[in-house]
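Trainee: Just passing along the structure, written as structure tokens.
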Amino acid sequence: MLVTVHAVQGSGPREVGAWMALTPGEFINTIGGGHLEFQAIDEARRKPPGTGADLRRYPLGPSLGQCCGGVVHLQFEWVTLDDAAALQARLCASLTPVALFGGGHVGQALVHLLGTLPLAVRWIDSRDGIFPNDVPLNVHCEHSDPVQAAVADLAPGSHVLIMSFSHAEDLDVVAACLTRRRTAGDLPYIGLIGSKSKWATFRHRLEARGFSEAELAGVTSPIGLAGITGKQPEVIAVSVAAQLLLTLPTPVTGKP
């Protein structure tokens, strides 16, 4: 059973499009928790298999013990294995594409976080055997040599995170992203890991390649929230993921 937030009037715990799925033994994702979710789970469990889509109205007031004050309309629908492909396309349609260049320690830590977020992640590296066997379902691993060649066919609207094992590769990926942004204008975020001195060196080299001051101003480097200063890969990953969330264009609705 798939339960989807169909409409919200006033305040609600989740936005339109948020969903949860229930199997006989578990439920996946959330529509906001609390009594609303408890009632939705109970309602879903009681629906006979194969019944058509059903829309239910839930006022978030005293009867539900929630003080949001709004009204949430939930849609209940049975799905089967035959619906899997269409359902995946439907739930993934709202995911923001992210390209992560680099499978090193920070990349490894970061991909675990990105795997919990409503993102469609392409994880790219030039080295063979760098990716772990088990990656999140929303992460696609890709070998590309030269690594910057993968920039040409990134999904429009991709947010790009650059943290390869090599400064030379980082520079080539940044240059490829700036070239694509110049011609197509469809990479809203280009983030480069490193220090201020690294970016200062890169600026000079990119200027020598013909990129303007305005184009270089569109690169975020160093990446990560300024107030988080730890150097551990996991700390950097949290900082980068938090900054990335600030750049996303739409509210999150749930990871497939």
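Bear in mind these aren't lab numbers, they're just calculated from the coordinates by the rules spelled out. Since the structure is predicted, the reported quantities are computational estimates derived from the model, not experimental observations. Methodologically, a virtual Cβ is constructed for each residue, glycine included, from the backbone with ideal geometry; neighbour enumeration extends over all protein chains shown.
Trainee: If you average 1/r over every pair of different alpha-carbon atoms in the chain and take one over that average, what Kirkwood value in Å do you get?
Mentor: 20.4
Trainee: Same structure again: Only counting other Cβ atoms within 10 Å, I'd like Phe38, Phe27 sorted with the fewest neighbours first.
Mentor: The fewest-first ordering by Cβ neighbours comes to Phe38, Phe27.
Trainee: In whole percent, what relative contact order does segment 2-90 give with Cα contacts below 8 Å and a gap of six or more residues?
Mentor: It rounds to 35 percent for segment 2-90.
Trainee: Please rank Ser197, Ser221, fewest neighbouring Cβ atoms within 10 Å first, as an exposure proxy.
Mentor: Ranking Ser197, Ser221 by Cβ neighbours within 10 Å, fewest first, gives Ser197, Ser221.
Trainee: Taking neighbour Cβ counts within 10 Å as the exposure measure, how do Val235, Val147 sort from fewest upward?
Mentor: Val235, Val147
Trainee: Among DSSP beta bridges lying fully in the chain, give the percent that are antiparallel, nearest 5.
Mentor: 50
Trainee: Still on this structure, I have one more. Over the alpha-carbon set of segment 96-247, work out the extent along each principal axis and list the three values in angstrom, largest first.
Mentor: Largest to smallest, the principal-axis extents are 41, 34, 27 Å.
Trainee: Rg and Dmax in Å for segment 99-168, alpha carbons only: what are they?
Mentor: My reading of the Cα-based Rg and Dmax gives 11.1, 31 Å.
Trainee: Next question, about the same structure. Over the Cα atoms, compute the radius of gyration (one decimal) and Dmax (the largest Cα-Cα distance, rounded to a whole number) for segment 1-116, in Å.
Mentor: 16.7, 51
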